[in-house]
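S.K.: Input: one structure, supplied below.
Bear in mind these aren't lab numbers, they're just calculated from the coordinates by the rules spelled out. None of the values given here were measured: they were computed from a predicted structure.
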Amino acid sequence: MAREKENTNQEHNAPDYLAWHVTQKGEKSFWNKVGAAWKHKDGRGYSLQLETCPINGRIVLRLPLEDAEANANEAGRS
C-alpha cells in the first residue's frame with residue numbers, strides 16, 4: 001500500500017530530474033526522454049521511473065527546464 005501511495009504522489013509532483021537516453025552517431029548526439037526521477041523525502045536518494053529501458057548508449061539525468069513547458073504551449077498557438 002505504501003508504494004502505491006508513493007507512486008501516485010510522484011505522478012502529481014513535478015520530477016526533480018528528467019532521464020534522457022543519449023546515443024552517439026558519429027559527431028552527433030541524439031537525446032530521447034525516457035523517464036524522470038524524484039528526490040526521496042529523506043534527501044538520501046532518488047526514485048527513477050523509466051518509460052523504456054535502453055540497451056545501448058547512456059542515461060543522463062538533467063534538471064527540467066522551467067520554461068520548456070511554456071515554450072511548448074506557445075509553439076502550439078498561432
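S.K.: Once the piece of chain linking Leu50 and Trp31 is laid out straight, how much longer is it, given 0.36 nm per residue of separation minus the C-alpha distance between them?
M.R.: Going from the current span to full extension adds 5.4 nm.
S.K.: Once the piece of chain linking Asp16 and Ile59 is laid out straight, how much longer is it, given 0.36 nm per residue of separation minus the C-alpha distance between them?
M.R.: So the chain would gain 13.9 nm between Asp16 and Ile59.
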